[in-house]
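All remarks here apply to the structure that follows.
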Amino acid sequence: MEKKAIKIAPYIYFSIVTLLIIILFPREGKFRYSFMEGRPWKYGLLTAPFDFPIDKTSDELKKEQDAIISNVYPYFRIDKEIAQKQIQRFNEAYKNFSPEYGDMHYKRYIDQMLTEIYSTGIVSNEEYEFLINNQYTAIKVLDDKKAVSVPAYKIFTIKSAYSYILEKRPMELDINILRSVGLNNYLQVNIKYDESLTEKVKREDLQEIAPSDGMVQAGEKIVDKGEIVTEKTYNILRSLKQIYDRESGSVQRQSGFIVGASIWIVALMASLLLYLTYFRKKIYAVTKDVVFLLSMSAFFIFLTEITVTYNLFNIYIIPYSIIPVVIRTFFESRTAQTTHLVTILICSLMIPFPFEFILIQFIVCMVAVYMLKDLTQRSELIKCAFVIFLAYIVTYLGFLFLQEGDLSQLNWYLIIYFGINFLFVMFTYSLIYILEKIFGYISNVTLVELSDINTPALSTLSETCPGTFQHSLQVSMLGTAAAAKIGANPQLVRTGALYHDLGKMNNPAFFIENRLGNTNPHDNLTLEESARIITSHVPAGVKKASEYNLPPAIVKFIQTHHGKGKAKYFYNMFRNQNPDAPVDEEAFSYKGNNPDTKETAILMMADSVEAASRSLKDYSEESIRNLVNKIIDSQIADGFLTDTPLTFSNITTIKQVFIDKLASMYHSRITYPELKKERKN
């Protein structure tokens, strides 16, 4: 036994999607106001809900930090022992100098200079470059836990200390004698940069910066409607927003926020579920249709959640109008409107200015549905996208005039966002094609393209089976007229009719409409063999449809245009010739399914009526009426139309359409008189 596929109830899909929406919903009770410095406050009176500090801006804090950092001088540690050792070394060495150095003036001068230089400090060339490059004007020299400020220009290197001793000498001292003493031997770096101490002082000073600039007390007025948001007011609002954002992470606030959001999301998704359950039972009964509608809604909700959570871009860049455009392409307007409304209501829970957002998107949805009553050409979608763009601009200007009274506060960035939205809507044509492949739908645009007789399949059919092709054209005319009368899809019937006999291309001569001359290929076959060839055009047509990549909706017309009926000509012949012999019912039966839609049922009736009408000898209205009634009543009696949603009123209307159309197709024509030859005078 074959295992039956487990069918998941539609409400399970709704539950899964609803749960995912709640999980991905932005986890914060955000500050619900939007404001800009220099712009009017658009809401009512706002007072402080509690005491809170006015936080400094990041720029203000950075300026203070930069000022502190620039005023923190680098710290150096001095080694006093170096000065003592070097001066002592000089004094001991001076005793061994030759007599010409015996003058104590030189010794006293050098002792004095060494003492002065070491007390100021000698740094390495690298650290001196560090001071110059960072433009320090002074340094802090740490001496016995006491920091002494020393101007940077006074700091020595070994080279500058040597030059300083020579330049400062009294006139009576010979410079050559000073040089010969070997002063470089007694000059050594005695102060070194202490980076860790310098950074520690910086951190301590930075920690003393006050993060706020004043306090706002509970109940204090912050701003009222229409007031301009000044710099001070902006800082207060910004500080309040930061507090809200920080507190949104608390467990209590987070839990309450999630509960509130969940209630609204569940209620809105349940509304969509109930709409399908009670008003669109056919959609609710088909799993792929439910999944399609949920996918369209969930995609835009998830995109909104991600955009709001990570602040990716402006919300008006998201083309919500694609929802009604795409759904209207495959379903009717009310389903498109309902799905779109539920989607934007859920999205409005996450964004600022929800009222404006809902109204703008509602108007855009109505425009999209109205513009796409019948999407049959790509140009209609382009025109629809352009009108949607205009609708965005007009509704935005309406709100602007309502709130401001003029265009002085026009936000040109929003116009740019609407333009980007327009470009996304332009790509809906490609999206429709992708969705057709994924869900097996077929749009009117595709139907119009397939009904072009220059397509490979129809072109080949017209060449190999000209009679069948003419028959298909006549059937399409009958079916299209009947579908239009009872509210079915005329374009779907028209396209399905053109392809329904595609399988006859395998054996065109075995079908009477393609036969030339009096030769009948069935004369050399048994009745069962002839019946098998005739009935095989249904599975052959399905195979041909696969070769030409025809969509499933068109293949369905091929499978159902004969239903589970029989090749009655050969079946009746066999029964008449062999009244007592057993009949192989399978040999005379079509390998197809009975129609289950209005469109496939109309095609079955139109196909049988058009084929039978060719055998009429008298094309009077009465004979045509009798034929139509006989054919369709026979199909009803055989149960071929049991699974279709046609009513008796529909069938009566279809019969009358067929009668009128056949009467006009086979109406009598006048005989044109021939021109007599003129007599010669």
Complete set of residues in segment 22-40 that are outside any loop (DSSP other than H, G, I, E, B) and at pLDDT 80 or above
I22, I23, L24
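Confirm whether A483 is modelled with pLDDT of 90 or more and either in a helix (DSSP H, G or I) or touching a Pro at 6+ places or on another chain (Cβ under 7 Å) (or both).
Working: modelled with pLDDT of 90 or more: yes; either in a helix (DSSP H, G or I) or touching a Pro at 6+ places or on another chain (Cβ under 7 Å) (or both): yes.
Answer is yes for this residue.
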Being out of contact with any helix residue (DSSP H, G or I) (no Cβ under 9 Å at 6 or more places or on another chain) and either free of Cβ contacts under 8 Å to residues at least 24 places away in the same chain or among the β-branched types (V, I, T) (or both) is the filter here; which residues of segment 211-231 pass it?
I228, T230
Can you tell which of E436, E449 is assigned to a helix (DSSP H, G or I), over 25 Å from Y590 (Cα atoms), acidic (D, E) and free of Cβ contacts under 8 Å to residues at least 40 places away in the same chain?
E449
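Could you list, in sequence order, all residues of segment 145-169 that are part of a loop (DSSP other than H, G, I, E, B) and modelled with pLDDT of 85 or more?
So the first thing to find is which residues in segment 145-169 are part of a loop (DSSP other than H, G, I, E, B), and the list is 145, 155, 157, 168-169.
I155, T157, K168, R169 - these are the residues of segment 145-169 that are part of a loop (DSSP other than H, G, I, E, B) and modelled with pLDDT of 85 or more.
From the list I165, I155, I132, pick out the single residue that is in contact with a strand residue (DSSP E or B) (Cβ under 8 Å, 6 or more places away or on another chain) and closer than 26 Å to L183 by Cα. Reasoning before the result, please.
On the way: I165 fails: in contact with a strand residue (DSSP E or B) (Cβ under 8 Å, 6 or more places away or on another chain); I132 fails: in contact with a strand residue (DSSP E or B) (Cβ under 8 Å, 6 or more places away or on another chain).
The unique qualifying residue is I155.
Looking for whichever is assigned to a loop (DSSP other than H, G, I, E, B) and touching a Ser or Thr at 6+ places or on another chain (Cβ under 8 Å) here; the options are K564, K556. Which one fits?
Exactly one of K564, K556 is assigned to a loop (DSSP other than H, G, I, E, B) and touching a Ser or Thr at 6+ places or on another chain (Cβ under 8 Å), namely K564.
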Hey, can you tell me all the residues within segment 193-211 that are surrounded by 15 or more Cβ atoms within 10 Å (Cβ to Cβ) and not in a helix (DSSP H, G or I)?
Y193, D194
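Name the single residue, out of those in segment 656-672 being touching a Phe, Trp or Tyr at 6+ places or on another chain (Cβ under 9 Å) and assigned to a helix (DSSP H, G or I), that is modelled with the highest pLDDT.
Filtering segment 656-672 for residues touching a Phe, Trp or Tyr at 6+ places or on another chain (Cβ under 9 Å) gives 662-663, 665-668.
Imposing the further condition that a residue be assigned to a helix (DSSP H, G or I) reduces the set to 662-663, 665.
Details: L662: 90, A663: 87, M665: 82.
Ranking the candidates gives L662 first.
Of all residues in segment 358-372, count the ones that are surrounded by fewer than 19 Cβ atoms within 10 Å (Cβ to Cβ) and in contact (Cβ under 8 Å) with a residue 12 or more places away in the chain. Talk me through it step by step, then tell me what you get.
Of segment 358-372, the ones surrounded by fewer than 19 Cβ atoms within 10 Å (Cβ to Cβ) are 358-359, 362-363, 366, 370.
Filter again for in contact (Cβ under 8 Å) with a residue 12 or more places away in the chain, leaving 358-359, 362-363, 366.
Count: 5.
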Quick count over segment 451-478, residues being under 38 Å from the mean Cα position of the chain (by Cα) and surrounded by 22 or more Cβ atoms within 10 Å (Cβ to Cβ), is 0
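Under the condition of being free of Cβ contacts under 8 Å to residues at least 24 places away in the same chain and over 22 Å from P595 (Cα atoms), which residue from segment 523-547 is surrounded by the most Cβ atoms within 10 Å (Cβ to Cβ)? Steps first, answer last, please.
Of segment 523-547, the ones free of Cβ contacts under 8 Å to residues at least 24 places away in the same chain are 523-526, 529, 546-547.
Narrowing further to those that are over 22 Å from P595 (Cα atoms): 523-526, 529, 547.
Values: D523: 7, N524: 8, L525: 15, T526: 12, E529: 13, E547: 10.
The qualifying residue surrounded by the most Cβ atoms within 10 Å (Cβ to Cβ) is L525.
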Restricting attention to segment 579-601, does a residue exist that is among the hydrophobic types (A, V, I, L, M, F, W, C) and under 22 Å from F469 (Cα atoms)?
yes
Where in segment 41-129 are the helices (runs of 4 or more DSSP H), entirely inside, with at least 1 residues that are among the hydroxyl-bearing types (S, T, Y) and at pLDDT 80 or above?
104-120
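Table: residues versus (1) surrounded by fewer than 20 Cβ atoms within 10 Å (Cβ to Cβ); (2) closer than 22 Å to I442 by Cα.
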residue	(1), (2)
F302	yes, no
I306	yes, no
L312	yes, no
V326	no, yes
T343	no, no
C347	no, no
Which numbered condition L341 misses (of (1) modelled with pLDDT of 95 or more; (2) closer than 19 Å to L431 by Cβ)
(2)
Report yes if T329 is within 19 Å of the chain's Cα centre (by Cα) and not hydrophobic (A, V, I, L, M, F, W, C), otherwise no.
yes
Within segment 212-229, track down each residue that is of a type in the set (A, V, I, L, M) and surrounded by fewer than 14 Cβ atoms within 10 Å (Cβ to Cβ).
M215, A218, I228
Does segment 587-610 include one or more residues that are in a loop (DSSP other than H, G, I, E, B), over 49 Å from the mean Cα position of the chain (by Cα) and assigned by TED's automatic domain parsing to the domain that holds H471?
no
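With the structure loaded, tell me whether T653 is in contact (Cβ under 8 Å) with a residue 12 or more places away in the chain, in a loop (DSSP other than H, G, I, E, B), farther than 25 Å from G467 by Cα and β-branched (V, I, T) or whether it fails that test.
Details: in contact (Cβ under 8 Å) with a residue 12 or more places away in the chain: yes; in a loop (DSSP other than H, G, I, E, B): no; farther than 25 Å from G467 by Cα: yes; β-branched (V, I, T): yes.
When the stated conditions are applied, T653 does not pass them.
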Mind checking which pairs have a first residue in segment 477-498 that is on the phi > 0 side of the Ramachandran plot and a second that is surrounded by fewer than 24 Cβ atoms within 10 Å (Cβ to Cβ), Cβ under 6 Å, 6 or more apart or different chains?
none
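Yes/no per residue for (1) loosely packed, with under 12 Cβ neighbours inside 10 Å; (2) within 60 Å of the chain's Cα centre (by Cα); (3) under 17 Å from R89 (Cβ atoms):
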residue: E127; (1), (2), (3): no, yes, no
residue: Q135; (1), (2), (3): yes, yes, no
residue: K146; (1), (2), (3): yes, no, no
residue: P151; (1), (2), (3): yes, no, no
residue: T157; (1), (2), (3): no, no, no
residue: L166; (1), (2), (3): no, no, no
residue: R169; (1), (2), (3): no, no, no
Would you mind telling me which numbered condition in (1) among the aliphatic types (A, V, I, L, M); (2) within 21 Å of the chain's Cα centre (by Cα); (3) within 29 Å of Y33 (Cα to Cα) V369 fails?
(3)
Failed item in (1) without any contact (Cβ under 8 Å) to a residue 12 or more places away in the chain; (2) farther than 21 Å from V628 by Cβ, with K617 passing the rest:
(2)
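Quick one: is L273 out of contact with any Ser or Thr (no Cβ under 7 Å at 6 or more places or on another chain) and touching a residue at least 60 places away in the same chain (Cβ under 8 Å)? Steps first, please.
Values: out of contact with any Ser or Thr (no Cβ under 7 Å at 6 or more places or on another chain): yes; touching a residue at least 60 places away in the same chain (Cβ under 8 Å): yes.
Against the criterion (out of contact with any Ser or Thr (no Cβ under 7 Å at 6 or more places or on another chain) and touching a residue at least 60 places away in the same chain (Cβ under 8 Å)), L273 qualifies.
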Checking L675, L616, L627, L641 in turn, the sole residue that is modelled with pLDDT of 90 or more and either in contact with a Cys (Cβ under 6 Å, 6 or more places away or on another chain) or part of a loop (DSSP other than H, G, I, E, B) (or both) turns out to be L641
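The values are calculated or read from the model by the stated rules, or taken from the named source; none is laboratory data. A quick note: this is a predicted structure, and the numbers were derived from the prediction, not measured. Note that we place each Cβ from the backbone using ideal geometry, even for glycine, and neighbour counts take in every protein chain shown.
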